[in-house]
Amino acid sequence: MTSDDLESMSVLGDPVRRALYRFVAEQGRDVGRNEAAEATGVQRTLAAHHLDKLVDAGLLEAGFRRLSGKAGPGGGRPAKVYRRVREERTVSLPPRDYRTLALVLAETVDLLGGEEKAEEAARRAGERLVASGAASGDLLEVLRARGYEPYEEDGRVRLRNCPFHVLADSHPLLVCSMNLALCEGLLAGLGETGVAAALDPRPGECCVAFSSSKNNVD
């Protein structure tokens, strides 16, 4: 943990900023000031002030875009928009460094060719999370609690956030296959026999998506 990380997290102590950050993060796209203000029930000027504070803290990034969707004359002036930054922030007191050890372990699995064993372990871990009560509720509740940020689209459940983003960037094949196995373990533990998890990567999102198992039968 750095002092910058701690300072960034302290910004979220304000309930209005926390609500604005959560709303922008959940959209997965550019969000204008008017939309953010309406969604959180505050005035536009107050929303703008807090959104810019979140940018200063490095939690959001800002840009300018025509929200009308029209280009050229008649498209209106570009408006200031916000989206969550991709950079990860971690706060731990006292400081801990699990990331480095995880990277070492991932590299070790690659070197030893232990991908299948790693997938088996991940699947069992998913089942244990449910059995131990560490993951409870329906599928969406469990995914939210695990940091996946699920949302529904065209009859599927997609995941806006990858909880293993740093590892997935450096060891994508290993981590994505383990992530899929973990999700399969969660499904098995929850008894979700009518739902299947599959790899369906999108830029900036988790590689796993869920759909009815009937849709996966040829």
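The values are calculated or read from the model by the stated rules, or taken from the named source; none is laboratory data. None of the values given here were measured: they were computed from a predicted structure. Every residue, glycine among them, receives a Cβ derived from its backbone with ideal geometry; neighbour counts consider all protein chains shown. Accessible surface areas use protein heavy atoms only, side chains included; no ligands, DNA or RNA. Shrake-Rupley method; radii C 1.70, N 1.55, O 1.52, S 1.80 Å.
The one condition from (1) under 23 Å from Glu149 (Cα atoms); (2) open to solvent by less than 90 Å² (accessible area, probe 1.4 Å); (3) assigned to a loop (DSSP other than H, G, I, E, B); (4) of a type outside the set (Ser, Thr, Tyr) that Arg29 does not meet is (2).
When Phe164 is tested against (1) touching a residue at least 24 places away in the same chain (Cβ under 8 Å); (2) closer than 27 Å to Gly28 by Cβ; (3) surrounded by 17 or more Cβ atoms within 10 Å (Cβ to Cβ), just one condition goes unmet, and that condition is (1).
Here are some conditions: (1) modelled with pLDDT under 90; (2) in contact with a Lys or Arg (Cβ under 7 Å, 6 or more places away or on another chain); (3) under 28 Å from Pro203 (Cα atoms). Arg33 meets all but one. Which one does it not meet? Answer for Arg33: the failing condition is (1). Checked against the criterion of being among the basic types (Lys, Arg) and under 22 Å from Tyr98 (Cα atoms), the candidates Arg123, Arg160, Arg156, Arg202 yield just one match: Arg123.
Go through the stretch 142-159 and give me each residue that's charged (D, E, K, R) and open to solvent by 40 Å² or more (accessible area, probe 1.4 Å).
Arg144, Arg146, Glu149, Glu152, Glu153, Asp154, Arg156, listed by residue number.
Being farther than 20 Å from Cys206 by Cα and more than 22 Å from the chain's Cα centre (by Cα) holds for only one residue in Ala118, Ala131, and it is Ala131.
Screening the stretch 47-67 for residues that are open to solvent by 70 Å² or more (accessible area, probe 1.4 Å) and within 14 Å of Tyr21 (Cβ to Cβ) and picking the one that is farthest from the chain's Cα centre (by Cα) gives His49.
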